[in-house]
Structures are given as C-alpha cells and as structure tokens.
1. Of everything in the stretch 371-391 that's surrounded by fewer than 19 Cβ atoms within 10 Å (Cβ to Cβ) and closer than 14 Å to PHE408 by Cα, which residue is farthest from the chain's Cα centre (by Cα)?
2. Consider ILE167 against the criteria (1) open to solvent by less than 60 Å² (accessible area, probe 1.4 Å); (2) touching a helix residue (DSSP H, G or I) at 6+ places or on another chain (Cβ under 7 Å); (3) outside any helix (DSSP H, G or I); (4) modelled with pLDDT of 95 or more: it satisfies all of them except one. Which criterion is unmet?
3. Report the residue count in the stretch 58-82 for those that are among the charged types (D, E, K, R) and closer than 17 Å to CYS43 by Cβ.
4. Can you tell me which of (1) free of Cβ contacts under 8 Å to residues at least 60 places away in the same chain; (2) within 30 Å of PRO73 (Cα to Cα); (3) open to solvent by 40 Å² or more (accessible area, probe 1.4 Å); (4) not in a helix (DSSP H, G or I) is the one PHE139 doesn't meet?
5. Kindly indicate which of LEU261, LEU273 is modelled with pLDDT of 95 or more and either open to solvent by less than 10 Å² (accessible area, probe 1.4 Å) or under 18 Å from the mean Cα position of the chain (by Cα) (or both).
6. Quick check: anything in the stretch 85-97 under 13 Å from ARG263 (Cα atoms), out of contact with any strand residue (DSSP E or B) (no Cβ under 6 Å at 6 or more places or on another chain), open to solvent by less than 40 Å² (accessible area, probe 1.4 Å) and part of a helix (DSSP H, G or I)?
7. Restricting to strands (runs of 3 or more DSSP E) lying wholly in the stretch 186-229: which have 1 or more residues that are under 17 Å from VAL332 (Cα atoms), open to solvent by less than 10 Å² (accessible area, probe 1.4 Å) and not basic (Lys, Arg)?
8. Could you give me the residue pairs with C-beta distances under 6 Å whose first residue belongs to the stretch 238-262 and is farther than 17 Å from VAL209 by Cβ, whose second residue is open to solvent by less than 20 Å² (accessible area, probe 1.4 Å) and aromatic (Phe, Trp, Tyr) wherever it lies, and which are 6+ apart or on separate chains?
Amino acid sequence: MKILVIGSGGREHAIIRKLKESRHKPQIFCCPGNGGIAADATCVPINALDVEGVVRYAKEEKMDWVFVTPDDPLAAGMVDALNEAGIKTFGPKKLAAEIESSKVFSKNMMKQFHIPTAAYEVFTDPHKAMDYVQEQTTFPIVIKADGLALGKGVIIAANLEEAKAGIHEIMEDKVFGESGSQIVIEEFLTGPEVSVLAFVDGTCVVPMVSSMDHKRALDGDKGLNTGGMGTVAPNPFYTKKVAQQCMETIFLPTIRAMNELGRPFTGCLYFGLMLTPKGPYVIEYNCRFGDPETQVVMELLDSDLVDIMDAIWNHELAHCPISFRDGASACVILASGGYPKAYKKGCTIEGLDENGQYEGVSVYHAGTKLENGAYLTNGGRVLGVTARGSDLREALDKAYGAVEHITFDDAFYRRDIGAKCF
C-alpha cells in the first residue's frame with residue numbers, strides 16, 4: 001500500500017507517524033514534507049497547492065491513497081481532481097470544504113439550520129462595516145475575514161478604535177488578501193473553548209478525543225493570534241453531558257445541513273466550540289485536522305488510521321471500531337522569535353537525535369529543514385514537542401522536560417499550556 005500525504009507541518013508529521021503504525025504497513029510519501037518528516041516518509045518536492053502536479057505524481061506512482069490535509073488544496077478542489085483520476089482520498093471535496101473556506105457560507109448555514117452560533121452581520125463594503133461598528137454599544141466584538149487566512153483572520157476588537165482599525169486592515173489594506181473582501185462581524189461569546197475533531201463519512205459522525213488549543217503567542221493568552229502555540233487532550237471542560245449536547249445540537253445537524261445543501265462532507269471535520277452560559281456554540285468549522293490539535297489527538301488514537309480511512313471511503317464508519325487510549329497528552333510548540341510576524345530562518349536546532357527526536361516524547365516537525373545532517377529552523381512554528389501521560393500533569397511535565405533540552409537561536413514557547421485545566 002502506498003499513501004501520499006499532502007502538507008509540510010507538524011499536523012502532517014503526526015498523521016504520518018500514526019499511518020506508520022498501521023497493520024497494513026504502508027509506504028508513505030509526502031508532498032512537500034520537511035526536514036523532520038523526511039525521517040518518516042519519502043518527501044517529494046511538489047507544492048501542496050499544485051493540484052495538477054499532485055494528481056500527475058499520484059497517478060505515475062500508483063498511489064493507493066492521497067491524504068489531503070491543509071485547507072488551501074481542499075478549498076482548491078484537490079480531492080475532486082484526484083477522485084476524477086480514480087484515486088482514493090481522505091478529505092472533503094471543494095463544495096464541502098467551503099464550510100471552512102467561507103465564513104459567510106458557514107454562518108449562513110448555521111443560521112438557516114438553527115445551529116447555535118454567535119449573532120452576526122456580513123459586510124462587503126468597508127464603509128458600511130464602519131457605520132455598523134460605530135452603532136455598537138457593547139465591546140469586545142469579533143471581526144473575521146471571510147476566506148482562509150492561516151488561522152489568523154480573526155480580530156477581537158476591545159473597543160471602537162480597534163474595530164475600525166481591524167476593518168481597515170482586513171478590507172482596505174488586504175492583510176489577508178482576497179480573503180478579506182467580505183467580513184463577518186459577530187457578537188463576542190464567553191466561556192471555555194473546546195476543539196473537537198470528528199471523523200465523518202457523509203452521514204455518520206465519530207468525534208475524537210477533545211482538546212484545548214492556545215492561540216495567542218504569549219503566556220496568559222496575550223500577544224498576537226497564531227496558528228496555535230500548544231494543545232492538551234482531553235479538554236476537562238468537555239464533559240459527557242456537553243458531548244451529548246454537542247452531538248444533538250451541533251454535530252449531527254451540521255452533517256444533515258451539508259447533505260441538504262448538496263455538499264456531503266467526508267474526512268475530518270473540526271468543530272471549534274465555545275461552552276457559553278447558554279450551552280455549546282460553534283465559533284468556527286475547519287474542513288480538516290487542526291494544527292496542533294492533531295498532535296495530541298493522534299497521540300491518544302488507539303485504532304488503525306488506515307482502517308478508519310477505508311471505512312469513511314466506503315461509508316461504513318458506523319461499523320468501524322474507534323478507540324482512544326486512557327490518560328492525557330500535551331503538545332508545546334517551540335517557535336521562532338518574532339512569530340507570528342517576521343522571524344529568521346536557518347538557525348541550528350540542538351538537542352535532537354539523528355531522526356529529529358528526543359527520547360521519551362514525540363517531536364513533530366512543523367518548520368524544519370535538514371542540511372548536512374543538521375536540523376535547521378525553516379518556519380514560525382518549528383517543533384511540536386508532544387508527550388503522553390497517565391494524566392495531564394504527567395504529560396505536561398514530560399513535554400516541558402524535553403522542551404528545556406531542545407534549543408535554537410531566538411526560540412520561544414508558552415510556559416502555561418494546559419494551565420487552565422487545573
């Protein structure tokens with residue numbers, strides 16, 4: 001069996017490691033991969049957004065599966081193109097991927113099908129958006145770019161000045177490009193946040209273990225929004241009662257809504273939730289595995305990922321046994337100084353072995369390259385140091401213990417990952 005994974009980050013590295021555990025013993029390839037992934041898969045220098053290049057390579061190399069992980073190629077229709085070429089895929093088609101690639105689509109869908117989410121308005125004209133925020137009497141408010149923005153297209157404006165500046169940045173300065181041509185302005189919700197990834201085969205939904213992301217760059221949830229600075233699983237705020245509520249009011253209604261709209265969803269659907277005083281609300285959907293949630297969730301997945309892929313492809317997920325290990329897992333992101341803004345690349349990483357690992361933990365490579373036998377930094381988020389333990393305290397102690405021994409110039413990390421759980 002030959003499996004091609006699309007992408008180049010820590011999420012892809014975690015998925016590749018899990019695929020390697022499969023009883024099917026697949027050969028694994030990755031486009032384009034990174035320095036650390038190269039220890040676990042054959043890396044192929046094809047850009048993750050090169051739909052034609054990926055399809056051509058998958059056909060030439062007779063791939064049995066292509067696992068499309070990042071949002072951009074999913075939104076561009078890579079799954080559609082691979083299916084047309086007769087290749088099995090993991091991931092949603094273009095129309096279903098719009099649940100993430102258009103905030104306007106997903107908000108309108110939730111409104112139409114009565115799925116709990118924050119009240120909102122949509123704007124295509126920056127002047128009308130400015131007028132709207134000037135009429136608001138309560139802050140903060142949330143401003144979201146409609147399209148994909150590397151997980152950074154959300155501004156929480158604490159006051160009118162910040163709201164006006166946010167609208168200007170997104171709609172006029174185009175800091176997120178055409179993703180900011182439309183914006184959603186919505187009410188600010190309060191409560192614990194929960195990430196739930198779910199396997200979906202079009203009708204059946206199997207939620208994975210819950211997790212807690214840490215989006216802000218600095219301790220105490222301060223600093224700029226990032227792609228994620230660390231995660232823990234399970235999320236202690238996500239109780240059995242809350243899980244049942246989410247299944248009845250959010251998960252199943254979402255899948256039914258997508259079917260009714262002619263956009264059946266298959267693959268992994270990410271539910272970004274807030275547990276408000278009124279119950280669970282949807283903050284956002286992602287049409288794929290989250291990063292770095294995947295790192296902690298894969299650490300706890302006890303089932304064969306290839307068997308799950310088969311079950312989804314054959315629409316037999318309801319009959320596929322899926323289990324998770326007891327205990328907890330934690331991931332701490334080691335990032336380059338300056339991230340999520342400008343940062344330097346090419347710094348030598350010390351403390352890793354020849355396979356880019358550290359004993360006793362899993363080191364998932366997000367932004368690294370391998371040169372002359374040395375691992376160098378090559379991105380904003382560099383490594384996801386991930387550990388499993390009998391409980392969260394043990395998992396965090398292991399992860400942070402390893403982080404202290406892995407170094408590079410200007411490295412930084414949050415020291416309070418999981419602190420809200422205690």
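The values are calculated or read from the model by the stated rules, or taken from the named source; none is laboratory data. From a predicted model like this one, the values you see are computed outputs, not experimental measurements. Because the Cβ atoms are built from the backbone with ideal geometry, glycine has one as well, and the counts that use them run over all protein chains shown. Side chains are part of the model used for accessible areas, which takes the heavy atoms of the whole protein and leaves out ligands, DNA and RNA. Shrake-Rupley method; radii C 1.70, N 1.55, O 1.52, S 1.80 Å.
1. Result: ALA374.
2. Status for ILE167: all satisfied but (3).
3. Total satisfying the criteria: 2.
4. Condition (2) is where PHE139 drops out.
5. LEU273
6. yes
7. Values: elements: 193-201, 205-207, 216-218, 222-225.
It comes to 193-201, 216-218.
8. Listed by first residue and then by second, the contacts come to MET258/PHE265.
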